[in-house]
1. Condition check: without any contact (Cβ under 8 Å) to a residue 24 or more places away in the chain and assigned to a loop (DSSP other than H, G, I, E, B). Does B:GLN450 satisfy that?
2. From the list B:GLN264, B:GLN298, which one is modelled with pLDDT of 90 or more and open to solvent by 50 Å² or more (accessible area, probe 1.4 Å)?
3. Kindly check whether there is at least one residue in the range A:195-208 that is assigned to a helix (DSSP H, G or I), more than 9 Å from chain B (Cβ to nearest Cβ) and either out of contact with any Lys or Arg (no Cβ under 8 Å at 6 or more places or on another chain) or at pLDDT below 95 (or both).
4. Just for the range A:97-111: of the residues that are aliphatic (A, V, I, L, M) and surrounded by fewer than 15 Cβ atoms within 10 Å (Cβ to Cβ), which one is nearest to the other protein chains (Cβ to nearest Cβ)?
5. Select the helices (runs of 4 or more DSSP H) contained entirely in the range B:1-111, then report the ones holding at least 2 residues which are among the charged types (D, E, K, R) and modelled with pLDDT of 80 or more.
6. Considering each of B:LEU272, B:LEU168, B:LEU250, B:LEU258 in turn, give the residue that is at the interface with another protein chain (Cβ under 10 Å from one of its Cβ atoms), within 30 Å of B:GLN131 (Cβ to Cβ), surrounded by 19 or more Cβ atoms within 10 Å (Cβ to Cβ) and under 23 Å from the mean Cα position of the chain (by Cα).
7. Please tell me if B:VAL135 is under 16 Å from the mean Cα position of the chain (by Cα) and not in a loop (DSSP other than H, G, I, E, B).
8. Would a scan of the range A:71-88 turn up a residue that is in contact with a Lys or Arg (Cβ under 8 Å, 6 or more places away or on another chain) and either within 13 Å of chain B (Cβ to nearest Cβ) or modelled with pLDDT under 50 (or both)?
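The values are calculated or read from the model by the stated rules, or taken from the named source; none is laboratory data. All values reported here derive from a predicted model rather than from experimental measurement. Positions of Cβ are backbone-derived with ideal geometry, glycine not excepted, and every protein chain shown enters the neighbour counts. These accessible areas exclude ligands, DNA and RNA; they are computed on the full protein's heavy atoms, side chains included. Shrake-Rupley method; radii C 1.70, N 1.55, O 1.52, S 1.80 Å.
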Amino acid sequence: PVERCCHVCPFMSLYRCCQRSALLVVYRRSLSSVSPPSSVSPSSSVSPSSSVSPPSSVSPSSSVSPSSSVSPSSSLSPPPLHTRFLRYLTQRFYDVEMLQSWSFLRRWKRVQKRNTYYGYAQENYGSDIASAYYILNLKGGFRFVGQSEWFIADQRGKFNWAFLDHKNTPLEEVNMNYTGINYRGLDNLEVQKSLRTLSIRGCPEVDDWFLARLHMFEDSLEELDISHCPRITTGGLAALRNLKGLKRLDVSSLPGISSPGVVIILLEEMLPKCDVTANGYDHTLREES
Amino acid sequence: MSTWRRVHVNLRKAHGLFPVSSRRVTQPNTWKYGHLTLCKSLSTSRPLRNDFFKDLEVQLAAMRQKALDALPGSDWSPLEIDRGLPPERADVVIVGGGVIGWSIAYWIKQKERVRGGVRVVVVEKDPTYSQASTVLSAGGIRQQFSLPENICLSMASAQFMKNINEHLHVLNEDPVDLQFNHSGYLFLANEEVAHIMEENYKTQRSFGAHVSLLSATQLKEKFPWINTDGVALASYGLENEGWFDPWTLLQAFRRKALSLGVEQCIGEVTDLKYTSNIGITAEGDQVAQRRIKSVKVQVRNSLVYQPMECAMVVNAAGALSGKLAAMMGISLPVEPRKRYIYVLNCPDGPGLDTPFLIDYSGVWFRREGLGGNYIAGTSPEEALEPDTSDLEVDHQFFEEKIWPHLASRVPALEKLKMCILMSPSFLSPSFLPQVTSAWAGFYDYNTFDQNGVIGLHPIVNNMFFATGFSGHGLQHSPAVGRAVAELILDGNFTSIDLSNLGFRRIIQQEPMLERNIV
C-alpha cells in the first residue's frame, strides 16, 4: 500500500494539503506548548520529511520520536481533549478521508432512497394515491383535478390524510418547491397524464436529467417553474423542446446557465407559444479581461 | 513474512528473561496499522545504556521491510537505473489510454474486493491525445440501434452518466460536468428503409429505450425547418440521447482511476513475449495456445524500454488494435478509418431544439454551442475511403458529398455566410458555404461487421479485447468498461451479456451487423 500511496500523492489537491498541514501545525503547536523546544525539533524534522508519504507512520522508527516527546506532557498535565483528538487524527489521515467519502456517498443514497418507487402504495391504493403520498412525503403539495383545495405538507412533514378519500383522481397541479425531488422521483409521477402545473423552484437535486424526463407530461403540461435550481444547465433546457403545450415557463435565477441572455432568446424561439419569465439575471455587458 | 513477525513476538517475550535495569517494565502501547504492529515507547529521554534488544527490534523491523521490498512483486531493485520507467511487474496491463482503456481501469479498481489487490497499469503512447479517437469524436450517445447488445450498452452508459458524480467523484475535487445536451437523435428514413426503422423501433422499445416514431407531417410540425421531401418515417429519441464532452469523460475516468491506484505509463507497446503450447483439437488439427508473458514498453522518443511481466493484457488500443494483435501473430479485423467533421456557422440556422439529425443518405449534423455553429459529417463509401496516414482534412469532400444533401434537407443552412474559398472551384458562380473549421479523427473500424469486439481471444489465453466499435466506442465506454472488468475479475459477464460480441463470431464468420438505415 505504501507504493500505491506514493503514486497517488502527486494528485493530492491543494485543499487536502492545506487540511493536512493545518492539522500538523496544530499538532506541532500543541507539542511545543507542553514540551521544551529541544525535544520538539526531532519530531518537527520528521513531519516535513514525511509530507510526501502519509503521516500514518508505517515504519516504527519514525513513530518513536514524535510519541517520545508526548510523554513529558503526561508528567505536567494531559493536553486538552481537542488537541489529543487532532493528534490522533493526524495519524489516521486515510481513515478520515475514507469517512469523508462515505458521508458523501451516504448523502447521495439518502436522496435516492427518498425518491424510490412507492410500489406498495401503487399496488394497494392505486397510482394516483401513490403519487399524492409521494408528494406529501417529500413535503410538497398538490391539487386534484376538479377539486379546489390543496393538500400541502407543512414544514415538519405533517399532512392531512384526507387525500385518501379521493380515489382514482388524477393530479392537476403539483408544487414541489424546495424539496429533494430528483429524476428517480418522476417514476412516481409518471402516470399523471393530466398534470397541468408543475412547480419545482429551488430544488437542489433537479438537474438536466430530470428535465429530460419531463417529456412524459408533454401533452398536458402548461405551466412549469424551474427557477433557482442550481443544477440545471443549458443542455437541460434543450430538453424542454418536447413540451410543446407549455404556456408559462419560469427560468429565473438559474446559476448554472453561462450566457443567460442568449439562452432565454433561444428558449423563446424553441417554444413559440410559451411565455418565458426570466428574472434575476445580470444582462449588463461585461468587459472580457 | 510471518517468520519475521514471529521473531518480533519472541523478542518481546525474551525481554522478561533478560531484565535490563535501565529499562522500564511497562506494557508498551501497541496498535495495529494494517498488518503491522506499531510500538509506542513511554521512555522520556535517551536511555542511559544502549539496550541491545530494543535496537535489535528496530533493526529487525528495518530488515523485514527490506526483505519485503526485495521479494518479487515490489518495485525495489538493487540497481536503480531509471525512475521514469513503468513497473517491472503488473497484474493487468491495459494497452491504450483512451476512454475505453481508462473506463476498464476504473471498473477493475472499483470491483476489486481487496484494496490494492489488482495492480493495473494503463499504457498510453501519446499523453497529448493528438490523434486519439476519443477526443476527436462528435460525442453523441443514442439508444437507436438494432442489436439488443448495443441498445443495452447505451442505456447502461446513460444510466452511468446520470449518476456520474457518485461513480467518479474524487474527494475535494470539482464535480464532473459532462455538458450533456439532451437534444436527442433524429433518424430520417425514406420509403425503402422505413420498415427496418419500424422493426428497430420495436426492439428499442422492448428494451426500455424512450424513442418515438414520427410521420412526415408530425415531423414538419415538430421541426418546421426540416425539408421533409422523401421522408417517410422518422425516429426521434426522447430521453437519454444527445451529446456531451468526450474529453471531460476521459479525464473523469482517468482522475478517478488514478485516485484508486491505477498506474499510468507513457510509452508504446512494441512487442509481446508469449509462450506457446501446441494442442490438438478434436479434428486432429494442431493449435498453438499462447499465453502472453511480458509486454515490452518503449519510452517515447527514446531507446529505453521496459519489459513488463503481466498476467493479463487488455487491447483497448482503438484504431491501432489491429497492429497490436499482429504482434501476437493473430489477425484482428480492426483498422483505422478517417472521418471528417466540418464546423459550419449559420446565424439563422435552427435553434436550441436541433437534434442530432441523421439523414438516410448518411449525412449527419448537430448544433454545437449557442452561437449558431453546427458540425456535420458523413461516412464515405467503401471504395472512396480516405488515406489514414495523417489527419489532414479534405474540404472537397464537404462540397461534393455533404453539402448537397445538407442544403436540401435543412434549407435554413443555405443562407450560410458566403465566402470564396481558396480552392480550384472558386471560379464557379455557385454559392459555397462557409466552413469555419474542420477536423478529422480515426474510427477503430471493424471491417468484419462494424460492431465492437469484447472478450477473450480463443487462442491467446490472457488477452482481452475491447475495440472495433466503429464510432460507438465513446457512448458505450462506461458499460464496456464494466463488462470487461467483470470478465477479468468474475470470469463472465454479470450485468449485460455480451457473449454475442465476442471473438467467436469472427472465427465462425457470422457477422453481427447493425440493421441501420444508413
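1. No; evaluated as a whole, the condition is false for this residue.
2. That would be B:GLN264, the only listed residue that is modelled with pLDDT of 90 or more and open to solvent by 50 Å² or more (accessible area, probe 1.4 Å).
3. Within the range A:195-208, not a single residue is assigned to a helix (DSSP H, G or I), more than 9 Å from chain B (Cβ to nearest Cβ) and either out of contact with any Lys or Arg (no Cβ under 8 Å at 6 or more places or on another chain) or at pLDDT below 95 (or both).
4. Looking at the filtered set, the residue picked out is A:LEU105.
5. Hits in the range B:1-111: B:52-70, B:99-111.
6. Result of the check over B:LEU272, B:LEU168, B:LEU250, B:LEU258: B:LEU258.
7. Criteria not met by B:VAL135.
8. No; the residues of the range A:71-88 include none that is in contact with a Lys or Arg (Cβ under 8 Å, 6 or more places away or on another chain) and either within 13 Å of chain B (Cβ to nearest Cβ) or modelled with pLDDT under 50 (or both).
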